[in-house]
Each structure stands twice: as C-alpha cells, then as structure tokens.
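Q: Take a look at the following structure, please.
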Amino acid sequence: GSMQYKKGEARGQINPKLIAQFREKIANTFEGYTKPGATGIPANIDAIATTEVRSAIDDIKHTFNTRLQEQNAGKIKIIKKWVHHPSLSRNPRENHAALNGLERPIDGIFPVPRMQRVKGRGLVQTGVTYMQHPHDPSAPVDQVCACSCECVYITRIL
C-alpha cells in the first residue's frame, strides 16, 4: 500500500500499518535499552512514531523532487506547497495554519513563526524557523513533533 492517502478526507493521513510497524520497532529498541527498574517505553511513543514516519516521508518527497528538478533543468519547474491538515491533530498549530497554501520554488524556504505561550498575553511570536518543508530534520522539535502538515509538489512544464 501507499505511505500516505492521497484523496478525499483521508488526504495527508499516514497509513496506520506503517505507524504501527514503526511503533513496534521503537518499543523493541526502548525495551533493549531500558535498565531493570526504569520507566520503560515513553508515554508519547505514538507521537514519536507518527512524527518520525512523517519526517521520513517528507524528506524522501523533498529529495526526490529536488533531484527531478535538477535532472530536468530548463524543462520543468517544481513548486512546493505547504498543506496544513487541522483534522489530523488534536492541537492544530495556528502558526502552521498560517502557512497553508503558501507556495515556494523547490529550493525555497518556508518562514514558520516560532510561538510561545506568555502569561497574560497568550501565544506570542518569538521568532521564525526557516524550513525546507514540514518535518524538516534541521528544524527544532517544537516545530515538528506531532505536526500534521505536509508538502505537496507541483510540476509545471516550461
């Protein structure tokens, strides 16, 4: 089957079998590392598994499309578009929602607002993280963990 569903309401969702397999691998790894008497498998193992699978998928898609662009220079132009899926998250990020539909060239970056909760002021922008795509491995964990966004690549013939 596919790693991600492509159409309809399921668009952007990860195949649950893939996450279950990855979760089992993480659990087995933690059991191997955990010392007797330790707390064992982390409570957020499902979030870790989902985040890591999404990260791998987004990185593969980005690498593939970058190479495709390079190999077809002058023939095609690949645009990447940030897609926010609020229905896939219990706590959708407003700063990620603000990027929904934003398009960049394949080598462009997305300016993702850094948000922090400040007492008496609510969520406040504290800076910007520049990301190649959702789940960019160079981004800080607060921008990628439990994020349900994806990058869609659009190929235009020149």
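The values are calculated or read from the model by the stated rules, or taken from the named source; none is laboratory data. Quick caveat: nothing in here was measured; it's all calculated off a predicted structure. We place every Cβ from the backbone using ideal geometry, glycine too, and count neighbours over all the protein chains shown. What goes into the accessible areas is simple: the full protein's heavy atoms, side chains included, and nothing from ligands, DNA or RNA. Shrake-Rupley method; radii C 1.70, N 1.55, O 1.52, S 1.80 Å.
Q: Here is a list: Asn65, Asn72. Which entry is in contact with a strand residue (DSSP E or B) (Cβ under 6 Å, 6 or more places away or on another chain) and surrounded by 12 or more Cβ atoms within 10 Å (Cβ to Cβ)?
A: Answer to the selection: Asn65.
Q: If you go through region 132-153 one residue at a time, do you hit one that is polar (S, T, N, Q), free of Cβ contacts under 8 Å to residues at least 40 places away in the same chain and assigned to a loop (DSSP other than H, G, I, E, B)?
A: Yes.
Q: Are any of the residues in region 110-124 in contact (Cβ under 8 Å) with a residue 12 or more places away in the chain, part of a loop (DSSP other than H, G, I, E, B) and within 25 Å of Ile76 (Cα to Cα)?
A: no
Q: Let me ask you something else. Do you know which of the residues in region 106-145 that are open to solvent by 30 Å² or more (accessible area, probe 1.4 Å) and touching a Ser or Thr at 6+ places or on another chain (Cβ under 6 Å) is modelled with the highest pLDDT?
A: Arg114
Q: Taking region 53-68 as the region of interest, how many residues are in contact (Cβ under 8 Å) with a residue 24 or more places away in the chain and closer than 18 Å to Thr155 by Cα?
A: 7
Q: Being in a helix (DSSP H, G or I) and in contact with a His (Cβ under 9 Å, 6 or more places away or on another chain) is the filter; apply it to region 53-85 and report the residue that is nearest to Glu103 (Cα to Cα).
A: His62
Q: Then there's this: Can we say Thr50 is touching a residue at least 12 places away in the same chain (Cβ under 8 Å), touching a helix residue (DSSP H, G or I) at 6+ places or on another chain (Cβ under 6 Å), closer than 22 Å to Asn15 by Cα and of a type in the set (S, T, N, Q)?
A: yes
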